[in-house]
Amino acid sequence: MDFAFDARTEELRERLLAFMDAHVYPAEAVAAGQRAHLASPWDLPPVVAELKAEARRQGLWNLFLPDPVHGAGLTNLQYAPLAEITGRSPQLAPTALNCAAPDTGNMELLAGFGSPEQQKQWLEPLLAGEIRSAFAMTEPEVASSDATNIETRIERSADGGSYVVTGRKWYISGAMNPDCRVFIVMGKTDPQGADPRRQQSMVLVPRDAPGVEVRRAMTVYGYEDHYHGGHAEVVFDGVRVPASNLVGEEGGGFAIAQARLGPGRIHHCMRLIGMAERAIELMCRRAVARTAFGKPLAAQGVVQNWIADARVTVEQLRLLVLKTAWLMDTVGNRGAHTEIQAIKIATPRAVVEILDRAVQLYGAGGVSQDFPLAELWAAARTLRLADGPDEVHQRSLARRELKGYAG
C-alpha cells in the first residue's frame with residue numbers, strides 16, 4: 001500500500017487548498033450575513049452560487065464520482081484527501097464543488113443503475129448543478145437501521161404501466177431545498193416475498209407529482225442544515241409514476257441501497273477527518289490566545305493532552321480511511337466490507353470526542369453561533385446514526401470476526 005499522493009491528486013489538492021483559502025473560508029461569514037435577508041429560510045445565500053461558478057471554472061467539480069464519463073474519474077484513494085479538505089467547511093465546500101450529500105449518492109446510484117432515459121432526465125442536470133435531489137428511505141414508524149422493515153408500498157398498477165407509491169418517510173435529506181426536483185424512493189414491491197432482501201425496489205418520484213406532501217422540516221440538534229437542503233418528513237399518498245421510473249429491477253432495491261451507502265460511508269469519514277483538523281486548528285488558536293489563572297491555556301497540562309491525543313487520533317483515523325479507500329479501489333466494496341464498517345464505527349465516535357474537547361476549550365463560545373464547533377459537533381454526532389448506527393455495524397463486524405471460530 002502506497003499512500004503517497006500521485007501527481008494528479010497533489011495538483012488537485014493544491015488547487016483545492018487555494019480555493020478554500022481564497023473563496024470558501026471568507027464566504028462563511030458572508031453567507032451567515034446573507035441568510036438574514038433571504039426570502040425563504042431554504043434559499044441558499046447568493047455567495048453559494050458564486051462559489052459553485054468559481055469551483056466549476058477551476059475544474060473542482062464532481063470530484064467524488066469515479067466514473068470518468070460522468071465525473072472526475074478519481075479513485076477513492078485519490079478523492080480521500082480532497083474530501084478531507086472540504087470537511088473543514090462542511091456546509092459550504094461540498095456544496096460549492098457539487099460534492100454534497102445526498103446528491104452525491106443519488107448521482108452514483110443513477111450512474112450505476114439508472115436507465116439511459118433516467119440519466120438524461122435526472123443525472124445530467126444533477127451533474128451540472130442545475131437541480132437537487134433527495135433519497136427517501138428512512139421511516140418514523142419502523143427501525144430503519146434494518147431496511148427490511150420498510151413499510152412504504154410501491155404497487156404495480158393493473159395495466160402494468162405505472163407504480164403507485166404510498167408511505168411516510170422522515171429525515172429525507174435535501175427535500176426542503178427549493179431546487180429539489182426528484183426523490184429516489186425505497187419501498188416494497190413484494191412485501192410477502194420469501195427473501196426479505198428482495199422485497200424492496202426503488203422508484204424515481206418527481207417532487208411535484210400529485211400526492212407528494214413535504215409535510216415539515218426536521219431539525220438535527222436544533223440545526224436545519226440549510227446548505228444540504230434540510231431534512232423533511234414526506235408523505236406519499238397514492239403517488240402514481242410511470243413504470244419506467246423503476247430504478248434497476250423489481251426486488252433490487254436493497255442491493256442498490258447497499259451499493260449507494262458504501263461510498264457514502266467513506267465520504268462521510270473523509271470529511272469527518274477534515275472536521276477534526278479544523279477543530280484542532282481552532283483549539284490551538286484558542287489555547288495560545290486565551291489566558292486563565294495567570295497563564296495561557298496552552299500551558300495547561302490538560303489542554304496539551306487534549307491536543308496531543310487529538311493529533312494521534314486523527315493520524316490513526318486517516319490511515320484507516322486511506323486503507324479502506326485503497327481496498328475499495330483494488331478489491332471492491334465487498335472486499336472492503338470489514339474496513340468500511342470499521343471506519344464508520346471509529347471515525348464519527350472519535351471526531352465527536354475531539355470536537356467535544358474543542359467545545360470545552362472554548363467555553364460558552366464553543367456552544368454559540370460565533371464559532372463553528374457546535375454545528376460541527378452536531379453533524380459528527382449525527383453520523384453515528386446516519387448510514388447505519390454504530391451498533392448495527394458492530395454487530396455485523398463481530399459476526400464476520402467470529403465466523404472463523406464457529407464450531
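When we screen Asp237, Asp309 for residues that are in a strand (DSSP E or B), on the phi < 0 side of the Ramachandran plot and exposed (fewer than 15 other Cβ atoms within 10 Å of the Cβ), the only hit is Asp237. When Ser89 is tested against (1) of a type in the set (S, T, N, Q); (2) outside the structural domain of Val164 (by TED's automatic domain parsing); (3) in contact (Cβ under 8 Å) with a residue 40 or more places away in the chain; (4) not in a loop (DSSP other than H, G, I, E, B), only condition (4) is not met. Restricting Ala72, Ala53, Ala80, Ala49 to those that are of a type in the set (Gly, Ala, Ser) and touching a helix residue (DSSP H, G or I) at 6+ places or on another chain (Cβ under 7 Å) reduces the list to Ala80.
What do you reckon, is Glu315 surrounded by fewer than 17 Cβ atoms within 10 Å (Cβ to Cβ) and assigned to a helix (DSSP H, G or I)? Against the criterion (surrounded by fewer than 17 Cβ atoms within 10 Å (Cβ to Cβ) and assigned to a helix (DSSP H, G or I)), Glu315 qualifies. Scanning segment 68-86 for residues that are in a loop (DSSP other than H, G, I, E, B) and aliphatic (A, V, I, L, M) yields Val69, Ala72, Leu74. Within segment 32-77, being among the aromatic types (Phe, Trp, Tyr) and either within 17 Å of Gln91 (Cβ to Cβ) or more than 19 Å from the chain's Cα centre (by Cα) (or both) holds for Trp42, Phe64. For segment 372-407, residues that are in a loop (DSSP other than H, G, I, E, B), more than 13 Å from the chain's Cα centre (by Cα) and in contact (Cβ under 8 Å) with a residue 12 or more places away in the chain total 2. Kindly indicate whether any position in segment 192-211 is in a strand (DSSP E or B), crowded, with 18+ Cβ neighbours inside 10 Å, among the β-branched types (Val, Ile, Thr) and in contact with a Leu (Cβ under 6 Å, 6 or more places away or on another chain). Yes, segment 192-211 has at least one match. Among the residues of segment 118-130, are any part of a loop (DSSP other than H, G, I, E, B), free of Cβ contacts under 8 Å to residues at least 40 places away in the same chain and not acidic (Asp, Glu)? Within segment 118-130 (the criterion being part of a loop (DSSP other than H, G, I, E, B), free of Cβ contacts under 8 Å to residues at least 40 places away in the same chain and not acidic (Asp, Glu)), the answer is yes, since at least one residue qualifies.
Please indicate, with yes or no, whether at least one residue in segment 278-285 is more than 26 Å from the chain's Cα centre (by Cα), in a helix (DSSP H, G or I) and surrounded by fewer than 21 Cβ atoms within 10 Å (Cβ to Cβ). Break it down into steps so the answer makes sense when it comes.
Step one: filter segment 278-285 for residues more than 26 Å from the chain's Cα centre (by Cα), giving 284-285.
After this cut, where a residue has to be in a helix (DSSP H, G or I) as well, the list is 284-285.
Then drop every residue that is not surrounded by fewer than 21 Cβ atoms within 10 Å (Cβ to Cβ), which leaves 284-285.
Within segment 278-285, one or more residues are more than 26 Å from the chain's Cα centre (by Cα), in a helix (DSSP H, G or I) and surrounded by fewer than 21 Cβ atoms within 10 Å (Cβ to Cβ).
For segment 198-240, filtering for residues that are out of contact with any Pro (no Cβ under 9 Å at 6 or more places or on another chain) and more than 23 Å from Gly160 (Cα to Cα) leaves 15. Restricted to segment 357-407, and to residues that are touching a Phe, Trp or Tyr at 6+ places or on another chain (Cβ under 9 Å) and among the small types (Gly, Ala, Ser), which residue is surrounded by the fewest Cβ atoms within 10 Å (Cβ to Cβ)? This residue is Ser368. Scan segment 378-407 for residues that are more than 22 Å from Ala257 (Cα to Cα) and not aliphatic (A, V, I, L, M) and the total you get is 6.
The values are calculated or read from the model by the stated rules, or taken from the named source; none is laboratory data. Source: prediction; values computed, not measured. Note: ideal-geometry Cβ built from the backbone for every residue, glycine included; neighbour counts use all protein chains shown.
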